[in-house]
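**Student:** After the C-alpha coordinates below, expect a handful of questions from me.
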(Lines give C-alpha, C1' and ligand atoms only; values in the text may rest on other atoms or scores of the structure.)
Protein backbone atom coordinates (compact mmCIF):
# COMPACT_ATOMS: atom_id res chain seq x y z
CA UNK A 1 0.00 0.00 0.00
CA UNK A 2 2.81 2.37 0.95
CA UNK A 3 4.61 1.52 -2.26
CA UNK A 4 1.50 2.13 -4.36
CA UNK A 5 0.86 5.56 -2.81
CA UNK A 6 4.48 6.60 -3.36
CA UNK A 7 4.34 5.28 -6.93
CA UNK A 8 1.11 7.19 -7.60
CA UNK A 9 2.77 10.37 -6.32
CA UNK A 10 5.85 9.83 -8.51
CA UNK A 11 3.72 9.07 -11.55
CA UNK A 12 1.66 12.23 -11.07
CA UNK A 13 4.77 14.37 -10.67
CA UNK A 14 6.31 12.74 -13.74
CA UNK A 15 3.20 13.55 -15.76
CA UNK A 16 3.16 17.17 -14.57
CA UNK A 17 6.83 17.47 -15.51
CA UNK A 18 6.18 16.20 -19.02
CA UNK A 19 3.29 18.66 -19.41
CA UNK A 20 5.23 21.67 -18.07
CA UNK A 21 8.31 20.87 -20.15
CA UNK A 22 6.53 20.57 -23.50
CA UNK A 23 7.73 16.99 -23.87
CA UNK A 24 4.10 15.85 -23.81
CA UNK A 25 3.61 17.66 -27.12
CA UNK A 26 4.73 15.42 -30.02
CA UNK A 27 5.10 18.37 -32.43
CA UNK A 28 7.60 19.94 -30.03
CA UNK A 29 9.49 16.65 -29.75
CA UNK A 30 9.71 16.44 -33.54
CA UNK A 31 10.94 20.06 -33.58
CA UNK A 32 13.80 18.87 -31.38
CA UNK A 33 14.53 15.80 -33.52
CA UNK A 34 14.54 17.88 -36.72
CA UNK A 35 18.06 19.32 -36.64
CA UNK A 36 18.08 19.93 -40.39
CA UNK A 37 14.96 22.09 -40.20
CA UNK A 38 14.29 24.96 -37.80
CA UNK A 39 15.67 23.35 -34.67
CA UNK A 40 13.99 23.71 -31.27
CA UNK A 41 16.63 22.72 -28.68
CA UNK A 42 14.18 22.95 -25.73
CA UNK A 43 14.10 19.24 -25.02
CA UNK A 44 17.82 19.18 -24.29
CA UNK A 45 16.92 21.40 -21.33
CA UNK A 46 14.29 18.88 -20.18
CA UNK A 47 16.90 16.12 -20.14
CA UNK A 48 19.42 18.46 -18.53
CA UNK A 49 17.05 19.53 -15.74
CA UNK A 50 15.98 15.95 -15.04
CA UNK A 51 19.54 14.61 -15.00
CA UNK A 52 20.69 17.42 -12.70
CA UNK A 53 18.24 16.21 -10.05
CA UNK A 54 18.81 12.56 -10.96
CA UNK A 55 22.56 12.77 -10.36
CA UNK A 56 21.95 13.85 -6.76
CA UNK A 57 19.27 11.18 -6.22
CA UNK A 58 21.42 8.34 -7.53
CA UNK A 59 24.40 9.56 -5.50
CA UNK A 60 22.21 9.26 -2.38
CA UNK A 61 20.78 5.91 -3.52
CA UNK A 62 24.24 4.45 -4.09
CA UNK A 63 24.98 4.66 -0.37
CA UNK A 64 21.79 2.86 0.64
CA UNK A 65 20.61 -0.75 0.55
CA UNK A 66 17.03 0.13 1.50
CA UNK A 67 14.82 2.94 0.24
CA UNK A 68 13.42 5.54 2.66
CA UNK A 69 10.24 3.45 2.83
CA UNK A 70 12.26 0.32 3.61
CA UNK A 71 12.13 -1.40 0.20
CA UNK A 72 15.23 -2.99 -1.27
CA UNK A 73 16.95 -0.85 -3.90
CA UNK A 74 16.28 -2.43 -7.30
CA UNK A 75 18.86 -0.65 -9.43
CA UNK A 76 20.14 -2.52 -12.51
CA UNK A 77 23.56 -4.06 -12.05
CA UNK A 78 24.29 -5.03 -15.66
CA UNK A 79 27.06 -3.06 -17.28
CA UNK A 80 27.84 -4.90 -20.49
CA UNK A 81 26.78 -3.40 -23.79
CA UNK A 82 25.26 -5.92 -26.18
CA UNK A 83 23.57 -6.10 -29.57
CA UNK A 84 20.10 -6.20 -28.02
CA UNK A 85 20.65 -2.88 -26.28
CA UNK A 86 21.75 -1.13 -29.47
CA UNK A 87 19.21 -2.71 -31.83
CA UNK A 88 16.42 -2.08 -29.30
CA UNK A 89 17.55 1.53 -28.90
CA UNK A 90 17.71 2.07 -32.65
CA UNK A 91 14.25 0.53 -33.14
CA UNK A 92 12.79 2.69 -30.40
CA UNK A 93 14.38 5.79 -31.96
CA UNK A 94 12.80 5.03 -35.34
CA UNK A 95 9.37 4.72 -33.75
CA UNK A 96 9.97 7.89 -31.72
CA UNK A 97 10.96 9.77 -34.87
CA UNK A 98 7.88 8.64 -36.83
CA UNK A 99 5.30 10.14 -34.46
CA UNK A 100 7.29 12.14 -31.89
CA UNK A 101 5.85 10.04 -29.07
CA UNK A 102 7.79 8.02 -26.50
CA UNK A 103 6.10 5.90 -23.81
CA UNK A 104 5.65 8.57 -21.09
CA UNK A 105 4.16 11.31 -23.27
CA UNK A 106 2.02 8.65 -24.98
CA UNK A 107 0.40 7.80 -21.65
CA UNK A 108 0.04 11.48 -20.73
CA UNK A 109 -1.70 12.12 -24.07
CA UNK A 110 -3.99 9.17 -23.36
CA UNK A 111 -4.87 10.73 -20.00
CA UNK A 112 -5.57 14.04 -21.75
CA UNK A 113 -8.18 12.21 -23.82
CA UNK A 114 -6.31 12.29 -27.14
CA UNK A 115 -7.60 9.49 -29.39
CA UNK A 116 -4.35 9.46 -31.36
CA UNK A 117 -2.35 8.92 -28.16
CA UNK A 118 -4.67 6.06 -27.24
CA UNK A 119 -4.05 4.41 -30.63
CA UNK A 120 -0.30 4.83 -30.12
CA UNK A 121 -0.44 3.37 -26.59
CA UNK A 122 -2.52 0.35 -27.62
CA UNK A 123 -0.11 -0.33 -30.51
CA UNK A 124 2.83 0.04 -28.14
CA UNK A 125 1.33 -2.51 -25.72
CA UNK A 126 0.75 -4.88 -28.65
CA UNK A 127 4.41 -4.36 -29.62
CA UNK A 128 5.48 -5.19 -26.07
CA UNK A 129 3.29 -8.30 -26.21
CA UNK A 130 4.90 -9.34 -29.50
CA UNK A 131 8.28 -8.97 -27.82
CA UNK A 132 7.17 -11.20 -24.93
CA UNK A 133 5.89 -13.84 -27.37
CA UNK A 134 9.16 -13.85 -29.29
CA UNK A 135 11.13 -14.09 -26.04
CA UNK A 136 8.99 -16.96 -24.83
CA UNK A 137 9.34 -18.84 -28.10
CA UNK A 138 13.06 -18.31 -27.97
CA UNK A 139 13.22 -19.52 -24.38
CA UNK A 140 11.55 -22.70 -25.60
CA UNK A 141 8.57 -22.65 -23.27
CA UNK A 142 5.36 -24.34 -24.32
CA UNK A 143 4.02 -22.28 -27.26
CA UNK A 144 0.41 -23.19 -26.48
CA UNK A 145 0.72 -21.07 -23.35
CA UNK A 146 2.00 -18.11 -25.33
CA UNK A 147 -1.21 -16.18 -24.81
CA UNK A 148 -1.08 -16.26 -21.03
CA UNK A 149 0.66 -12.90 -20.77
CA UNK A 150 -2.23 -11.30 -22.56
CA UNK A 151 -5.06 -12.88 -20.65
CA UNK A 152 -3.30 -12.23 -17.35
CA UNK A 153 -2.97 -8.56 -18.24
CA UNK A 154 -6.57 -8.31 -19.31
CA UNK A 155 -7.61 -9.56 -15.89
CA UNK A 156 -5.70 -6.92 -13.95
CA UNK B 1 24.35 24.73 -40.52
CA UNK B 2 21.86 24.54 -37.65
CA UNK B 3 19.13 27.17 -37.52
CA UNK B 4 17.42 27.67 -34.17
CA UNK B 5 13.65 28.01 -34.02
CA UNK B 6 13.77 30.93 -31.57
CA UNK B 7 10.00 31.48 -31.64
CA UNK B 8 9.28 28.01 -30.28
CA UNK B 9 12.38 27.74 -28.06
CA UNK B 10 11.20 27.51 -24.41
CA UNK B 11 14.29 26.91 -22.26
CA UNK B 12 12.74 27.91 -18.92
CA UNK B 13 9.59 25.81 -19.01
CA UNK B 14 11.69 22.95 -20.44
CA UNK B 15 14.18 23.24 -17.58
CA UNK B 16 11.48 23.53 -14.90
CA UNK B 17 9.54 20.60 -16.38
CA UNK B 18 12.78 18.63 -16.58
CA UNK B 19 13.51 19.31 -12.92
CA UNK B 20 9.98 18.08 -12.08
CA UNK B 21 10.62 14.89 -14.05
CA UNK B 22 13.90 14.55 -12.17
CA UNK B 23 12.17 14.99 -8.80
CA UNK B 24 9.61 12.35 -9.85
CA UNK B 25 12.36 9.90 -10.79
CA UNK B 26 14.24 10.77 -7.57
CA UNK B 27 11.22 10.21 -5.34
CA UNK B 28 10.46 6.90 -7.07
CA UNK B 29 14.06 5.81 -6.58
CA UNK B 30 14.41 6.96 -2.97
CA UNK B 31 10.91 5.90 -1.80
CA UNK B 32 10.23 2.77 -3.87
CA UNK B 33 13.82 1.83 -4.60
CA UNK B 34 13.11 1.54 -8.30
CA UNK B 35 14.01 3.05 -11.65
CA UNK B 36 11.28 5.26 -13.13
CA UNK B 37 11.43 3.68 -16.57
CA UNK B 38 8.02 3.96 -18.19
CA UNK B 39 8.43 1.18 -20.78
CA UNK B 40 9.73 -1.19 -18.11
CA UNK B 41 6.93 -0.36 -15.67
CA UNK B 42 4.29 -0.87 -18.36
CA UNK B 43 5.95 -3.87 -20.02
CA UNK B 44 6.34 -5.62 -16.66
CA UNK B 45 2.55 -5.78 -16.42
CA UNK B 46 2.44 -8.16 -19.40
CA UNK B 47 4.20 -10.85 -17.37
CA UNK B 48 2.89 -10.00 -13.92
CA UNK B 49 4.15 -11.61 -10.74
CA UNK B 50 2.62 -11.40 -7.28
CA UNK B 51 3.45 -8.26 -5.27
CA UNK B 52 4.77 -6.63 -8.40
CA UNK B 53 1.53 -5.31 -9.83
CA UNK B 54 0.00 -2.63 -7.62
CA UNK B 55 2.94 -0.19 -7.67
CA UNK B 56 3.14 -0.48 -11.46
CA UNK B 57 -0.55 0.29 -11.87
CA UNK B 58 -0.30 3.12 -9.32
CA UNK B 59 2.61 4.78 -11.13
CA UNK B 60 0.86 4.50 -14.51
CA UNK B 61 -2.39 5.78 -12.97
CA UNK B 62 -0.49 8.84 -11.74
CA UNK B 63 1.02 9.44 -15.16
CA UNK B 64 -2.31 9.05 -16.95
CA UNK B 65 -4.16 10.96 -14.22
CA UNK B 66 -1.77 13.95 -14.32
CA UNK B 67 -3.36 15.67 -17.33
CA UNK B 68 -6.86 15.03 -15.97
CA UNK B 69 -5.94 16.61 -12.63
CA UNK B 70 -4.14 19.46 -14.42
CA UNK B 71 -7.22 20.18 -16.54
CA UNK B 72 -9.30 20.63 -13.39
CA UNK B 73 -7.20 23.67 -12.47
CA UNK B 74 -5.88 25.24 -15.66
CA UNK B 75 -6.10 24.57 -19.37
CA UNK B 76 -3.84 21.79 -20.64
CA UNK B 77 -0.88 22.82 -22.81
CA UNK B 78 -1.20 21.84 -26.49
CA UNK B 79 -0.73 18.19 -27.46
CA UNK B 80 -0.35 18.35 -31.24
CA UNK B 81 -0.17 15.02 -33.05
CA UNK B 82 0.13 15.38 -36.80
CA UNK B 83 0.95 11.76 -37.57
CA UNK B 84 -1.89 9.82 -39.20
CA UNK B 85 -3.33 6.62 -37.77
CA UNK B 86 -1.27 4.16 -39.85
CA UNK B 87 1.91 6.01 -38.81
CA UNK B 88 0.81 6.02 -35.15
CA UNK B 89 0.13 2.27 -35.21
CA UNK B 90 3.49 1.56 -36.86
CA UNK B 91 5.30 3.91 -34.45
CA UNK B 92 3.59 2.36 -31.43
CA UNK B 93 4.46 -1.19 -32.49
CA UNK B 94 8.11 -0.31 -33.10
CA UNK B 95 8.39 1.64 -29.83
CA UNK B 96 6.82 -1.29 -27.96
CA UNK B 97 9.20 -3.91 -29.37
CA UNK B 98 12.26 -1.62 -29.34
CA UNK B 99 11.93 -0.39 -25.76
CA UNK B 100 11.51 -3.92 -24.42
CA UNK B 101 14.29 -5.34 -26.56
CA UNK B 102 16.63 -2.51 -25.54
CA UNK B 103 15.43 -2.58 -21.90
CA UNK B 104 14.34 1.03 -21.70
CA UNK B 105 13.22 4.31 -23.21
CA UNK B 106 13.74 8.04 -22.74
CA UNK B 107 12.97 7.83 -19.01
CA UNK B 108 14.74 4.62 -18.00
CA UNK B 109 17.87 5.02 -20.11
CA UNK B 110 17.78 8.75 -20.91
CA UNK B 111 16.92 10.25 -17.52
CA UNK B 112 17.65 7.55 -14.92
CA UNK B 113 20.45 5.73 -16.74
CA UNK B 114 22.44 8.85 -17.53
CA UNK B 115 21.86 10.09 -13.96
CA UNK B 116 23.47 6.97 -12.56
CA UNK B 117 26.28 7.22 -15.14
CA UNK B 118 25.49 3.82 -16.64
CA UNK B 119 27.56 3.06 -19.77
CA UNK B 120 24.75 0.78 -21.02
CA UNK B 121 22.24 3.61 -20.81
CA UNK B 122 24.61 6.02 -22.50
CA UNK B 123 24.91 3.62 -25.45
CA UNK B 124 21.13 3.09 -25.52
CA UNK B 125 20.45 6.83 -25.36
CA UNK B 126 22.92 7.58 -28.16
CA UNK B 127 21.28 4.79 -30.21
CA UNK B 128 17.72 6.07 -29.89
CA UNK B 129 18.71 9.73 -30.25
CA UNK B 130 20.65 8.91 -33.43
CA UNK B 131 17.75 6.87 -34.83
CA UNK B 132 15.27 9.60 -33.87
CA UNK B 133 17.27 12.33 -35.62
CA UNK B 134 17.84 10.11 -38.67
CA UNK B 135 14.18 9.09 -38.94
CA UNK B 136 12.91 12.68 -38.79
CA UNK B 137 15.55 13.70 -41.33
CA UNK B 138 14.46 10.95 -43.72
CA UNK B 139 10.74 11.64 -43.28
CA UNK B 140 10.87 15.43 -43.42
CA UNK B 141 13.79 16.14 -45.72
CA UNK B 142 14.29 13.12 -47.95
CA UNK B 143 10.71 11.93 -48.34
CA UNK B 144 9.33 15.43 -47.77
CA UNK B 145 6.29 14.25 -45.82
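The values are calculated or read from the model by the stated rules, or taken from the named source; none is laboratory data. All values derive from a computational prediction rather than experimental measurement. When we count neighbours, we look across all protein chains shown, and the Cβ atoms used for this are built from the backbone with ideal geometry, even at glycine.
**Student:** Of the residues B:63, B:76, B:15, B:20, which single one is within 7 Å of another protein chain (Cβ to nearest Cβ), more than 26 Å from residue A:120 (Cα to Cα) and modelled with pLDDT of 95 or more? Spell out the reasoning first.
**Tutor:** Details: B:63 fails: more than 26 Å from residue A:120 (Cα to Cα); B:76 fails: more than 26 Å from residue A:120 (Cα to Cα); B:20 fails: more than 26 Å from residue A:120 (Cα to Cα).
Result: B:15 is the single residue among B:63, B:76, B:15, B:20 that is within 7 Å of another protein chain (Cβ to nearest Cβ), more than 26 Å from residue A:120 (Cα to Cα) and modelled with pLDDT of 95 or more.
**Student:** Does residue A:87 count as crowded, with 24+ Cβ neighbours inside 10 Å and either out of contact with any helix residue (DSSP H, G or I) (no Cβ under 7 Å at 6 or more places or on another chain) or closer than 18 Å to residue B:96 by Cβ (or both)? Even if it seems obvious, please write down each step before you answer.
**Tutor:** Working: crowded, with 24+ Cβ neighbours inside 10 Å: no; either out of contact with any helix residue (DSSP H, G or I) (no Cβ under 7 Å at 6 or more places or on another chain) or closer than 18 Å to residue B:96 by Cβ (or both): yes.
Considered against the rule, which asks whether it is crowded, with 24+ Cβ neighbours inside 10 Å and either out of contact with any helix residue (DSSP H, G or I) (no Cβ under 7 Å at 6 or more places or on another chain) or closer than 18 Å to residue B:96 by Cβ (or both), residue A:87 comes out as no.
**Student:** Here's a follow-up. State whether one or more residues within segment B:125-132 are out of contact with any strand residue (DSSP E or B) (no Cβ under 6 Å at 6 or more places or on another chain), on the phi > 0 side of the Ramachandran plot and more than 7 Å from chain A (Cβ to nearest Cβ). Break it down stepwise before answering.
**Tutor:** Quick first cut of segment B:125-132, residues out of contact with any strand residue (DSSP E or B) (no Cβ under 6 Å at 6 or more places or on another chain) only: B:125-132.
From the residues that got through so far, the ones that are on the phi > 0 side of the Ramachandran plot too are none.
So far as segment B:125-132 goes, no, none of its residues is out of contact with any strand residue (DSSP E or B) (no Cβ under 6 Å at 6 or more places or on another chain), on the phi > 0 side of the Ramachandran plot and more than 7 Å from chain A (Cβ to nearest Cβ).
**Student:** Could you count how many residues in segment A:96-122 are more than 7 Å from chain B (Cβ to nearest Cβ) and more than 20 Å from residue B:98 (Cα to Cα)?
**Tutor:** Count: 2.
**Student:** Of all residues in segment B:23-53, which are within 16 Å of residue A:74 (Cα to Cα), part of a helix (DSSP H, G or I) and free of Cβ contacts under 8 Å to residues at least 12 places away in the same chain?
**Tutor:** Scanning segment B:23-53 gives B:26, B:27, B:30, B:31.
**Student:** Is it true that some residue in segment A:36-43 is at pLDDT below 95, on the phi < 0 side of the Ramachandran plot and loosely packed, with under 13 Cβ neighbours inside 10 Å?
**Tutor:** no
**Student:** Take the conditions at pLDDT below 95 and either within 27 Å of residue A:52 (Cα to Cα) or surrounded by fewer than 16 Cβ atoms within 10 Å (Cβ to Cβ) (or both) and apply them to residue B:4. Does it pass?
**Tutor:** The answer is yes for residue B:4.
**Student:** Can you report the number of residues in segment A:1-25 which are within 7 Å of another protein chain (Cβ to nearest Cβ) and outside any helix (DSSP H, G or I)?
**Tutor:** 4
Condition check ((1) in contact with a strand residue (DSSP E or B) (Cβ under 7 Å, 6 or more places away or on another chain); (2) part of a helix (DSSP H, G or I); (3) at the interface with chain A (Cβ under 7 Å from one of its Cβ atoms); (4) in contact (Cβ under 8 Å) with a residue 40 or more places away in the chain) across all residues:
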{"site": "B:87", "(1), (2), (3), (4)": "no, yes, yes, no"}
{"site": "B:90", "(1), (2), (3), (4)": "no, yes, yes, no"}
{"site": "B:93", "(1), (2), (3), (4)": "no, yes, yes, no"}
{"site": "B:100", "(1), (2), (3), (4)": "no, yes, yes, yes"}
{"site": "B:109", "(1), (2), (3), (4)": "no, yes, no, yes"}
{"site": "B:136", "(1), (2), (3), (4)": "no, yes, yes, no"}
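**Student:** Any residue that is modelled with pLDDT of 95 or more, under 19 Å from the mean Cα position of the chain (by Cα), within 7 Å of another protein chain (Cβ to nearest Cβ) and not in a helix (DSSP H, G or I) - is there at least one of those in segment A:129-138?
**Tutor:** no
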